[in-house]
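**Student:** Pasting a structure below so you can have a look.
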Amino acid sequence: MNIFTLSFLILSFIFSLVSADEALKPEQYPFSFSKPLGKIDKNSAQRGLQVYIEVCASCHGLKHVAYRNLEGLGYNKDQINAIASQFELDDFPNDEGEIIKRKAIYSDSFVEPYENHNAAKAANNGAYPPDLSLMVKARKDGANYIRSLLLGYTDAPDGFEIGEGYYNKYMAGNIIAMPQPLYGDDVEYKDGTNASLEQEVNDLVTFLTWTSMPDLEDRRSAGLKVIFFLFVMTILFYLSYRKIWSELKK
Amino acid sequence: MESSKKNTKGIINWIDYRLPVVSFLKHSAVDYPTPRNLNYWWNFGSLAGFFLLVQIITGVILSMHYTAHVDHAFDSIEHIMRNVNHGWLIRYIHMNGASFFFIVVYIHIFRGLYYGSYKAPRELLWWLGIIILLLMMATAFMGYVLPWGQMSFWGATVITNLFSAIPLIGDNITQWLWGGYSVDNPTLSRFYTLHFLLPFLIVGVVVLHIVALHTHGSNNPLGIDRKGPQDSIPFHPFYTIKDLFGLSFALTIFFAVVFFAPDFLGHPDNYIPADPLKTPAHIVPEWYFLPFYAILRAIPDKLGGVIAMFSAIFVLFLLPWLDTSKVRSATFRPIYKILFWIFLIDAIILGWVGSKPAEGIYIIISRIATLYYFLHFLILLPLLGKFERNRPLPESIGKPVLAE
Amino acid sequence: MSENKKSKKKSRRSFIHQASGAMGIVAVSAAGWPLVDQMNPSKDVEALATIEVDISGLSEGQSKTVLWRGKPLFIKHRSQNEIDEAKSVNIEELPHPENDDERVKNPKYLVLIGVCTHLGCVPASDKGDFKGWFCPCHGSHYDSSGRIRKGPAPKNLEIPPYTFKDDNTILIG
């Protein structure tokens, strides 16, 4: 019976050794979702959405997320249409073949900040601001990494050649093209929460964790049931197995 | 009640007389005489079959929602994850199912190594198994390309470039594989087709594998032939229930990963869309390729590395003749038993070093481990059969079991 | 005594096997549902199920075709003549009796799903014997209310769920 566990342990061991990063390891923070059965703090994620819209969205897209998905954060359809209508996008060509802008609606994906990849690069000194939909999954220990990074802007140590970027001790190579985006009080929270830098960052990371893994809560709650079921089934199968084999020995 | 039972039996007999499916199943999955002393390591064969089935079912479903085009592939995966009903579950099962398939198959192979299951008369059974492994590797590699993330793209670039090491025609072969001058849309498209096709070839070879298995029956932990009917028990219900128990246990672990750590075995870089202009800092293949990747990088010569990597698998074909000992099970081979464990550790070290950057101490470790890998097969095993004195073999399977 | 014990043991044994079997059946059927449900309309498709149509530019007698759920929708601005004609029909004689009033929210605008109820072709407008629509596939004739009058189609053209958001906007779905 230990063979499965054993092979799994060996595998985990191999993977625990698979880490060779020169940048500083991100600081571990206890998010609402950090524990295996943790959930997304909806209020925090809603505030994070506000930070994203008012600060990040000017450069970073969120194209895999649709406004309708915001129902998952507790917004209703009217609220979602109100959020979406702040953004404009190209409509389908009309009967004359002209493309006219229209306001985004419920069913649209988050509107991208730039017309295309090159326009995004040109507007940002040649560094493309990556889409944030999957950022938490696209980095190792993503939530902690993004939090550490956004809090990790400091002056470069003496003699460190920065060039055109900014110094950040959590970035691989310690040079990041993005200037420090958040300083605290960048937004005025609708729910009255004090918008300190750390608060903003935690809220944003909570929001981005949700955009990366909208399935997180469903997955964990379904998982708990499935594992419990399989556990019971395994015991029953084991008992059946022992019964059947005990007949053989006689 | 009685008469309806009689009727059912009549219908079954009618069908079986014309198409003997029932008697075939009865012969090969119910009455099939199986050694009575198989331990849990023998569970992994049917478990591998199960995971193959899971991969085919989830794969066919994913293909209904996936788009094999460089502009849409990455987005279509996210569409599956976010929009398709239960799409995230099906994709995570497929992703982790591949890893579990390999775990199970590797354990199955090492069981064969330990108990000498490759020895006469099971050489072809062993060969078919290696062919399955090769097909699995090709399928898994091409499947990993389909999400068209950074690791997909650069993994495909590196692996296809291996073929450019072939003298004279190497470049032509890589261009032929790519359908262009780099990994691009034609490559993605054909990899998708082949990723869909190869699993059915695997099913075909699995059928042959089972035919070969049933010709001489399973090997067993003692590695001795069965002397009579007292050494066997019918497959059903004894091994069906044992396999079901093993399956249920394995599924518990599998779904623990699927639901609580679905990206644990993957690489974060593959959630970044492929960018032909930017290579990730560390390119690492999926974990199940790491030992072979380490062998590839251990050799400082391009062609040499490729040859070494492929030889590492092809040497397995020769194993039935390289191992000159007549005794199958390591239980009765005191020195081979030690060599087996050293070899297993060597393989794990190769896997570990394959995940590390190719520099400094890691290169030295990978060279020593690679050398030992071939030493084990090409020198130690042939010599060992000549010099090793095995412990006395039991007279029959039934005896030690009855003695317990 | 020992006989009793034996049968007790036997019943416990069969209980375990039955429980195992039941668990197995539940497991297989639970696994089956996601495999089936994945073919149902996905969430992005469901979200597109509602559209708004601007009818301000539609003058009397004109009609407009828009795509809704992958099917054509006919929106016709009917003339008074056409309305009168649609109302004057004796519905007892129709294959699928429906009053024109039941088929419109505002008699000026007729909103129809442009899919023939016979086998799913798209009928052509302003054609056929009844000045409505005519399906070229198997010759079904619809009138100015979209009702079947002649030909193999069994039912009138379907009306989608819709509301007037304001005088010039129809919300469909």
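**Student:** Subtracting the Cα-Cα distance from 0.36 nm times the residue separation, let me have the gained length for C:Ala49 to C:Phe15 in nm, one decimal.
**Tutor:** Contour length minus Cα-Cα distance gives 7.2 nm.
**Student:** Please work out the FRET efficiency for the pair A:Phe92 and B:Leu197, using the Cβ-Cβ distance as r and a Förster radius of 45 Å; give the result to the nearest 0.05.
**Tutor:** Efficiency at R0 = 45 Å is approximately 0.75.
**Student:** Using the beta-carbon distance between B:Phe387 and B:Ala165 and R0 = 41 Å, what value does 1/(1 + (r/R0)^6) give for FRET efficiency, to the nearest 0.05?
**Tutor:** 0.60
**Student:** Moving on to the next point. If packing is taken as the average count of other Cβ atoms within 10 Å, what order do B:197-210, B:139-152 fall into, highest mean first?
**Tutor:** Descending mean neighbour count gives B:139-152, B:197-210.
**Student:** Compute the accessible area of each residue in the stretch C:19-53 twice, once for its chain alone and once with every protein chain present, using a 1.4 Å probe on heavy atoms, and list those whose area falls by at least 50 Å².
**Tutor:** Residues shielded by partner chains are C:Ser20, C:Met23, C:Pro34, C:Leu35, C:Gln38, C:Lys43, C:Asp44, C:Ala47.
**Student:** I need the phi-derived Karplus couplings for the stretch A:107-118: 6.51 cos²θ - 1.76 cosθ + 1.60, θ = phi - 60°, integer Hz, Gly and Pro marked x.
**Tutor:** Whole-Hz 3J(HN,Hα) from phi for the stretch A:107-118: 7, 6, 7, 3, 5, 7, x, 10, 5, 7, 4, 5.
**Student:** Using 1/(1 + (r/R0)^6) with R0 = 45 angstrom and r between the beta carbons of C:Asn106 and A:Asn125, what's the FRET efficiency to the nearest 0.05?
**Tutor:** About 0.20, to the nearest 0.05.
**Student:** Give the angle, between 0 and 90 degrees and rounded to the nearest 10, that separates the Cα long axis of helix A:216-249 from the longest principal axis of the Cα atoms of chain A.
**Tutor:** 10 degrees
**Student:** For B:Val207 paired with A:Leu24, estimate the spin-label separation in nm (one decimal), with each label point 7 Å from Cα along the Cα-to-Cβ line.
**Tutor:** 6.2 nm
**Student:** Taking H placed 1.01 Å from N in the peptide plane, check which residues at least 5 places from A:Val55 or on another chain put their amide H under 5 Å from its amide H.
**Tutor:** none
**Student:** A follow-up question, please. Among B:Trp88, B:Ile313, A:Leu62, which residue has its Cα positioned farthest towards the positive end of the charge dipole of the protein assembly as shown, with +1 placed on the Cβ of Lys and Arg, -1 on the Cβ of Asp and Glu, and the dipole taken about the Cα centre?
**Tutor:** Towards the positive end, the residue furthest out is B:Ile313.
**Student:** Once you wrap a convex hull around the alpha carbon atoms of the stretch B:31-403, what is its projected area averaged over all directions, in nm²?
**Tutor:** 20.0 nm²
**Student:** Which residue, B:Pro234, B:Gly360, B:Thr187, has the largest displacement toward the positive end of the dipole of the stretch B:31-403 when charges sit on each Cβ (Lys, Arg +1; Asp, Glu -1)?
**Tutor:** B:Pro234
**Student:** Residues of the protein assembly as shown: accessible area per residue at 1.4 Å, in Å²?
**Tutor:** I get 51 Å² per residue for this part.
**Student:** Taking 7 Å along the Cα-to-C-beta vector as the label spot, tell me the B:His236-A:Leu197 distance in nanometres, rounded to one decimal.
**Tutor:** 7.0 nm
**Student:** Sticking with this structure for a sec: Just the Cα atoms of chain C, one point each, no solvent: what log10 I(q)/I(0) does Debye give at q = 0.14, 0.17 Å⁻¹?
**Tutor:** Once normalised to I(0) and log-transformed, intensities are -0.79, -1.03.
**Student:** Going by the alpha-carbon gyration tensor, a ≥ b ≥ c the square roots of its eigenvalues, is the stretch B:278-361 rounded (a/c under 1.5) or, if a/c is not under 1.5, prolate (a/b greater than b/c) versus oblate?
**Tutor:** Judged from the Cα gyration tensor, the stretch B:278-361 comes out prolate (a/c at least 1.5, a/b above b/c).
**Student:** Here's another thing I want to ask about it. If you roll a 1.4 Å probe over the stretch B:31-403 with all protein chains in place, what percent of the accessible area is carbon or sulfur?
**Tutor:** The C+S portion of the solvent-accessible surface of the stretch B:31-403 is 72 percent.
**Student:** Translational diffusion coefficient, Stokes-Einstein: compute it for the protein assembly as shown using the Kirkwood radius over C-alpha pairs as Rh, at 25 °C and 0.890 mPa s, and state it as an integer in µm² s⁻¹.
**Tutor:** The estimated diffusion coefficient comes to 77 µm²/s.
**Student:** OK, next. So if I place +1 on the C-beta of Lys and Arg and -1 on the C-beta of Asp and Glu, and nothing else carries charge, what would the dipole magnitude of chain B be about its Cα centre? I want it in debye, nearest 20.
**Tutor:** With only Lys, Arg, Asp and Glu charged at Cβ, the dipole is about 1420 debye.
**Student:** Further, regarding this structure: Write down the radius of gyration of the stretch B:209-287 and its Dmax, each obtained from C-alpha positions, in Å.
**Tutor:** Every Cα atom of the stretch B:209-287 included, Rg and Dmax give 22.2, 67 Å.
**Student:** Moving to a separate point now. Am I reading the B/C interface right? What is its buried accessible area, both sides, 1.4 Å probe, to the nearest 100 Å²?
**Tutor:** The summed interface area works out to 1000 Å².
**Student:** Beyond 29 Å between alpha-carbons counts as too far, so tell me which of A:Lys243/B:Lys337; A:Lys77/C:Lys87; A:Lys103/C:Lys127; C:Lys87/C:Lys165; C:Lys43/C:Lys155; A:Lys225/C:Lys43 fall in that bin.
**Tutor:** A:Lys243/B:Lys337; A:Lys77/C:Lys87; A:Lys103/C:Lys127; C:Lys43/C:Lys155
**Student:** Another question about this same structure. With the crude spin-label approximation of a point 7 Å out along Cα→Cβ, what separation in nm comes out for B:Val22 versus A:Asp78?
**Tutor:** 6.7 nm
**Student:** Something else now. Using a probe radius of 1.4 Å on protein heavy atoms only, what is the accessible area buried between chains B and A, both sides summed, to the nearest 100 Å²?
**Tutor:** 4800 Å²
**Student:** Collect residues whose amide H, placed 1.01 Å from N in the peptide plane, falls under 5 Å from the amide H of A:Ile105; neighbours closer than 5 in sequence don't count.
**Tutor:** So A:Ile105 has HN proximity to no qualifying residue.
The values are calculated or read from the model by the stated rules, or taken from the named source; none is laboratory data. Every value quoted in this text rests on a predicted model; they were computed, and no experiment measured them. Note that we place each Cβ from the backbone using ideal geometry, even for glycine, and neighbour counts take in every protein chain shown. When the accessible area is computed, the model is the full protein with side chains, heavy atoms only, and any ligands, DNA or RNA have been set aside. Shrake-Rupley method; radii C 1.70, N 1.55, O 1.52, S 1.80 Å.
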